[in-house]
Amino acid sequence: IYINQLLDFKNGEYITNILPYEKVKTYKYVIFATKNGTVKKTKIDEYLGNSKKTGLIALKMREGDSLVSIQLIKDEDDKVFLATKKGNSLLLNQTDFSPIGRNTIGVKGISLSENDELISMQVASNNTIEVLSITAQGYGKRTRIEEYPLCNRAIKGNLVCKYKEDNDFLVSALLLTNRDKQILINTKLSSLKIDLNAIPLQGRNTIGLSLIKTNENNSVINSILLEKS
């Protein structure tokens with residue numbers, strides 16, 4: 001079914017996340033992150049029970065900003081992991097964000113340098129063991145989560161990786177558990193499935209291994225975790 005038959009989109013609107021409704025009801029909070037590094041946490045109850053085609057206001061955003069990620073939080077021990085295009089990151093306690101209403105902007109989650117932007121926000125649980133970083137030029141590595149210390153929000157944070165070329169940048173920073181086995185790397189023209197154990201385990205301050213061949217017309221655009229044991 002064409003999604004516009006179900007939802008009324010405004011000009012420029014597009015879907016960021018789709019989550020199973022039965023799963024949503026088991027969580028306590030929904031947390032949002034925007035390109036400009038703003039983070040907002042709201043009680044999940046404020047989004048349930050709506051049947052309007054136009055939906056509900058999820059959050060307010062400043063002009064020029066856009067939504068990057070939505071995640072669900074269940075456990076008070078869960079943490080929030082933010083990563084930027086230039087390769088900075090923050091690991092934060094989710095309790096650093098007080099719950100606020102739907103029709104609000106949120107607070108600064110991470111400080112950005114010039115021309116940088118947030119590319120991902122994920123929830124790190126007690127089962128998280130590693131961070132998998134992949135760049136636009138196809139370099140990747142795994143790094144132990146212990147190398148990312150807990151920080152205060154609204155700072156630039158810690159380096160995720162180094163770059164071999166000045167024009168390279170971070171495309172994906174995915175959190176791994178023991179159940180994760182494979183990843184699909186997508187470029188503009190092709191896709192490649194790789195076993196995670198073939199990707200080197202290295203420190204934050206390293207480049208990683210070339211995982212897929214790229215050029216100026218065929219860079220990596222994203223990566224997706226596949227089969228779980």
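The values are calculated or read from the model by the stated rules, or taken from the named source; none is laboratory data. Just so we're clear, the structure is a prediction, and the values are computed from it rather than from any experiment. Here Cβ is always computed from backbone atoms with ideal geometry, including for glycine, and neighbour counts include all displayed protein chains. Accessible surface is based on the protein model in full, side chains and every heavy atom, while ligands, DNA and RNA are left aside. Shrake-Rupley method; radii C 1.70, N 1.55, O 1.52, S 1.80 Å.
Counting only DSSP H runs of at least 4 residues, each contributing -39500 (n - 2.57), and dividing by the residue count of the chain, the helix-based mean residue ellipticity at 222 nm comes to 0 deg cm²/dmol. For the set LYS86/LYS156; LYS79/LYS162; LYS41/LYS79, the pairs lying more than 21 angstrom apart at their alpha carbons are LYS79/LYS162.
Placing a pseudo-label 7 Å from each Cα along the Cα-to-Cβ vector at GLU146 and GLN5 gives an inter-label distance of 5.4 nm. When +1 charges are put on Lys and Arg Cβ atoms and -1 charges on Asp and Glu Cβ atoms, the dipole computed for the chain relative to its Cα centre reaches about 260 debye. Too long at a 32 Å Cα-Cα cut-off: which of LYS108/LYS141; LYS25/LYS60; LYS74/LYS181; LYS10/LYS141; LYS10/LYS164? From the list (LYS108/LYS141; LYS25/LYS60; LYS74/LYS181; LYS10/LYS141; LYS10/LYS164), the Cα-Cα distance tops 32 Å for LYS10/LYS141; LYS10/LYS164. Each Lys or Arg adds one and each Asp or Glu takes one away; over the other residues whose Cβ falls under 10 Å from the Cβ of LYS60, this sums to +2. Give me the net charge for the shell around ILE119: Cβ to Cβ below 11 angstrom, other residues only, Lys and Arg +1, Asp and Glu -1. It works out to a net charge of +1. For LYS188, a cut-off of 18 angstrom between C-alpha atoms picks up these aspartates and glutamates, skipping any fewer than 8 places away in its own chain: ASP168, GLU216. Pairwise Cα separations in the stretch 171-218 fall into 10 Å bins from 0 onward with the following percentages, short to long: 20, 54, 26, 1. For LYS188, the solvent-accessible surface computed with a 1.4 Å probe is close to 120 Å², ligands and nucleic acids excluded. Projecting the Cα atoms of VAL131, ASN36, THR95 onto the charge dipole of the stretch 28-155, computed from C-beta unit charges around the Cα centre, puts ASN36 farthest toward the positive end. Each residue, ALA154 and ALA198, gets one label point 7 Å from its Cα in the Cβ direction; the gap between the two is 4.6 nm. The fraction of Cα-Cα pairs per 10 angstrom bin, counted from 0 for the stretch 3-48, comes to 19, 43, 36, 1 percent, rounded to whole percents. Its Cα gyration tensor gives the stretch 105-229 an equivalent ellipsoid, and the semi-axes of that ellipsoid, as √(5λ) in whole Å with the largest first, are 23, 19, 14.
If you take the alpha carbon atoms of the chain and fit the smallest convex hull around them, that volume is 146 Å³ per residue.
Accessible surface area normalised per residue over the stretch 80-156 is 41 Å², counting heavy atoms of protein chains with a 1.4 Å rolling probe. The accessible surface of the chain, taken with every protein chain in place and a 1.4 Å probe, is 47 percent carbon and sulfur. If the Kirkwood radius is taken over C-alpha pairs of the stretch 12-116, then at 10 °C and 1.306 mPa s the Stokes-Einstein diffusion coefficient equals 109 µm²/s.
Sequence-distant contacts, meaning Cα pairs under 8 Å at least 6 residues apart, place the relative contact order of the chain at 19 percent. Extending 7 Å from Cα along the Cβ direction at GLU117 and again at LYS164 yields two label points whose distance is 2.6 nm.
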